[in-house]
Amino acid sequence: MPVRLIALDIDGTLLDSRWQISEANRAAIAEATKRGIEVALVTGRRYDFALPVAQKIDSPLTMIVNNGALIRSKEGRTHVRHLLPRTVARKALEITKTWRECAAVVFDRPSAEQVMIESLDPDDSLRAGYYSRNREFIAFAKPLENCLTEDPIQVMFSGNIAPVQEIEKTLRAAPFAKEFALAVTIYAKKDFTMIDVINPSCSKGSSLAEWAALRGIDREDVLAIGDNHNDLEMLNFAGIPVVMENCVAELKTFGWHETRSNDNDGVAAAIELFALREAPSCA
C-alpha cells in the first residue's frame, strides 16, 4: 500500500546535531507533500518551540506536539487537545517536591506564562539554551503549585540523568500513577533527560493513531521515523517504523528498518525508500 502519512520526530531525527534541517530532508518532505502525502511533525516540544522548525519547511505540515497532548496545524488551528487535570498535576508536583529545581508546568496559552517555573539559575548550563530561546514564554510561581489555576498540558522535569531517573521512579510508584502517562527522552551523551507528565490517554503513538483515524488513514499506510524512547509508541503504531542510525539502543532491538543518521540525511533516505519509490524494498 502507498504511504499516506509520514510522522517525523524532530530532535535527533529531522534535525542534525547542529539543530539544522538538511536540504535533502527538506526536499524529500516537499516531494512527499507534492504527491499528496501528509507530513506530521511528532515531537515532545511545545507548539511554539516546534513552530520555528516547521516554518523552515516550505510545505504543509500537521504538528503533533507535547508528546501527543496537542494536534495543531502549522497555521495555529487546534484539532485535538488532551490536557492534564490540575488535580493530578498538583499531586505530581507535591510528590516530587525534593527536585523542584527540575520542574516546570506547561500551559496551552497564547504566549506569556506558557512555561511556569519557580526560579531560573543563569549558571544552569543544562537548561540555559532552552530558557534563552523561550524567555518570552516563561514566568515564575513560588510555590509552583500556585500556577495551577487551570488544567495544564503537562508537568515537565529536566536535568541530569541520575536525579531525573529518581523522579521517574517516584512517579511510577505513586499511588495515583494510573492518572497520568510519562514520556521520557534521554540524551546520554549530554547527561540530560526529560520527563513529561501528561494526560493518561496521551503518547506520540496514541495521538498519531487518533489523527490517522480522523484522516481516514490506515496504520499500514503510515511511515514513522524516530530516535528516542518517547518515539516507541509512535513506531509501534506505524505500519512502516524506521529508526535512525543514531537512535537509543532500545529502539534497535525491535528489528525495525534502520536509516542513516541525522547527520547523514537519514529522514530523506527513509522517505525516498518507503514513500517516493514505486515499489519500496526492505532489502
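The values are calculated or read from the model by the stated rules, or taken from the named source; none is laboratory data. Note that this is a predicted model, so its numbers are computed, not measured. When we count neighbours, we look across all protein chains shown, and the Cβ atoms used for this are built from the backbone with ideal geometry, even at glycine.
Some points to look at:
- Residue check, THR62 under 20 Å from MET234 (Cα atoms), of a type in the set (S, T, N, Q) and either in contact with a His (Cβ under 7 Å, 6 or more places away or on another chain) or not assigned by TED's automatic domain parsing to the domain that holds MET156 (or both): yes
- Scanning the range 216-223 for any residue that is closer than 29 Å to GLU272 by Cα, in contact (Cβ under 8 Å) with a residue 24 or more places away in the chain and in a strand (DSSP E or B) turns up at least one such residue.
- Selection within the range 186-210 - modelled with pLDDT of 95 or more and either part of a helix (DSSP H, G or I) or under 15 Å from ASP9 (Cα atoms) (or both): SER203, LYS204, GLY205, SER206, SER207, LEU208, ALA209, GLU210
- Qualifying residue in the range 163-176 (condition: touching a Pro at 6+ places or on another chain (Cβ under 9 Å) and not in a helix (DSSP H, G or I)): no
- Inside the range 22-59, residues that are more than 30 Å from ASP151 (Cβ to Cβ) and either in contact with a helix residue (DSSP H, G or I) (Cβ under 6 Å, 6 or more places away or on another chain) or surrounded by fewer than 22 Cβ atoms within 10 Å (Cβ to Cβ) (or both) make up a count of 19.
- Given (1) exposed (fewer than 15 other Cβ atoms within 10 Å of the Cβ); (2) free of Cβ contacts under 8 Å to residues at least 24 places away in the same chain, index of the condition VAL243 fails: (1)
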